[in-house]
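The structure appears below as structure tokens.
Laboratory data are not the source of any read-out in this text; all were calculated from the coordinates shown. Predicted model, so just to flag it, every value in this text is computed and none were measured. As a convention, Cβ positions derive from the backbone with ideal geometry for all residues, glycine included, and neighbour counts pool all protein chains shown.
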Amino acid sequence: MLVSGKEILNKAHKYGYAVGAFNINNLEMLIAIFESANETSSPIIVQASEGAVKYAGADMLYSMTKTLSNRYPHIPVALHLDHGTTVESCINVIKAGFTSVMIDASHHSFEENIAMTREVVEIAHKSGIGVEAELGRLMGIEDNIVVSDRDAVLVNVEEAREFVKLTDVDYLAPAIGTSHGAFKFKGEPKLDFNRLQEVKKATNIPLVLHGASAIPENVRIAFEKTGGDLKGSKGVPFNFLTEAIKGGINKVNTDTDLRIAFMAEVRKVVNEQKSEFDLRKFFSPAIKSVKTLLKERMQLLGSAGKI
Ligand code: G3H
Ligand code: 13P
Ligand code: ZN
């Protein structure tokens, strides 16, 4: 059933587990997510970036998600806008039926971030829609970064406390050292777990980890075997994801892993079946591979069995 992001994440916050927020751009990814949720009895958050909204349309993303949620009525699902950059962008998807939005004003001043988030909260809360905001910047922590530089990019605990109080935001993404994409860390992976725990204590709301793809070895190898290049790629290690959930993360944003798993299979068919042009022959193995990854991830995050 399509529900508010608040409902899914408040429960995860209360019981100390995380729910995967998986990015979609097309029907195939959505099918993989729903079938995996069904097979693991997991609540899910389906999310679309502004790029995805531009590509498919908010109405289309909503209809596809609504149709699948009717097919699997026992699965709690929230449809979320990922990294909304303007108030208008949030209003656009709310009108289309999304049940959760992120207003990402983290690159603006603290005051402007508060003002924009408050505006979205006021609109969204009228219809019970959950709102996410972000503090700090998504950047990897390098080994030799000095503490003052680290403070400049990562979340500030006192700001987080004040921000939540002033905005009434429902969930918060604190920057603790992750970044988007396949190249997250230059040296050894490093996240600021102490800071995360302090933000959790100071805010006591569901927290979100962006840039949470792990780039699992088998998925990277499958992609590279087909001639793909992911040299130097590095994701968030599985034990870091577990540690982050212990530290208070309840929403784990994952896009890159799904893309790589999907495209490795598409590439394989392209390479091996030169005269194939039936789309389903490319996408069916891709869905299967993404499902394997998703089901493992739902177990790791602790959302499996939480329906
Ligand atoms: O936050 C980033 C997500 O991976 C979405 O990326 O803007 O390419 O759709 P995108
Ligand atoms: P990844 O690039 O690590 O999958 O992160 C996705 C994300 O944070 C979407 O908001
Ligand atoms: Zn993100």
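Bridges between two residues of the chain, per DSSP, are antiparallel at a rate of about 0%. Here's the list of aspartates and glutamates a cross-link from Lys6 could span, going by alpha-carbon distance under 14 Å and ignoring same-chain residues fewer than 8 apart: Glu132, Asp168, Asp170. Classify the chain as rounded, prolate or oblate from the Cα gyration tensor: take a ≥ b ≥ c as the square roots of its eigenvalues, call it rounded if a/c is under 1.5, otherwise prolate when a/b beats b/c and oblate if not. Judged from the Cα gyration tensor, the chain comes out oblate (a/c at least 1.5, b/c at or above a/b).
Averaging Cα coordinates gives a centre for the range 163-226 and one for the range 31-92; these two points are 21 Å apart. Considering only Gly97, Met29, Ile75, whose Cα is most displaced toward the positive end of the charge dipole of the range 14-119, charges sitting on Cβ of Lys, Arg (+1) and Asp, Glu (-1)? Farthest towards the positive pole: Ile75. The HN-Hα couplings worked out from phi for the range 19-26 by the Karplus form 6.51 cos²θ - 1.76 cosθ + 1.60 (θ = phi - 60°) are 10, x, 10, 10, 7, 10, 10, 8 Hz, whole numbers, x standing for Gly and Pro.
Our coupling estimate for the range 32-49, obtained by passing each phi through the Karplus curve with A = 6.51, B = -1.76, C = 1.60 and θ = phi - 60°, is 4, 5, 5, 5, 5, 4, 5, 6, 10, 6, 10, x, 9, 10, 9, 10, 10, 6 Hz, Gly and Pro reported as x. When +1 charges are put on Lys and Arg Cβ atoms and -1 charges on Asp and Glu Cβ atoms, the dipole computed for the chain relative to its Cα centre reaches about 960 debye. Based on C-alpha pairs under 8 angstrom that are at least 6 apart in sequence, the range 1-148 has a relative contact order of 24 percent.
Excluding same-chain neighbours fewer than eight residues apart, the aspartates and glutamates reachable from Lys225 by a Cα-Cα span under 17 Å are Glu217, Asp257, Glu265, Glu272.
Using the structure shown, list the pairs from Lys234/Lys268; Lys95/Lys295; Lys234/Lys274; Lys66/Lys291; Lys66/Lys126 with a Cα-Cα distance above 29 Å, or answer none.
Values: Lys234/Lys268 22 Å; Lys95/Lys295 32 Å; Lys234/Lys274 32 Å; Lys66/Lys291 20 Å; Lys66/Lys126 21 Å.
Pairs exceeding 29 Å: Lys95/Lys295; Lys234/Lys274.
Using C-alpha pairs below 8 Å separated by at least 6 residues, the relative contact order for the chain is 23 percent.
Just flag the trypsin sites (Lys or Arg not before Pro) in the range 235-298 sitting in loop per DSSP whose Cβ has no more than 16 other Cβ atoms within 10 Å.
For trypsin sites (Lys or Arg not before Pro) across the range 235-298 that sit outside H, G, I, E and B with at most 16 neighbouring Cβ atoms in 10 Å, the list reads Lys274.
Within straight-line reach of Lys190, meaning a Cα separation under 14 Å, sit the following aspartates and glutamates at least 8 residues removed in sequence or on another chain: Glu142, Asp143, Glu243. For Lys234, the amide hydrogen comes within under 5 Å of the amide hydrogens of Phe183, Lys184, Phe185, counting only partners 5 or more places away or on other chains and with H modelled in the peptide plane.
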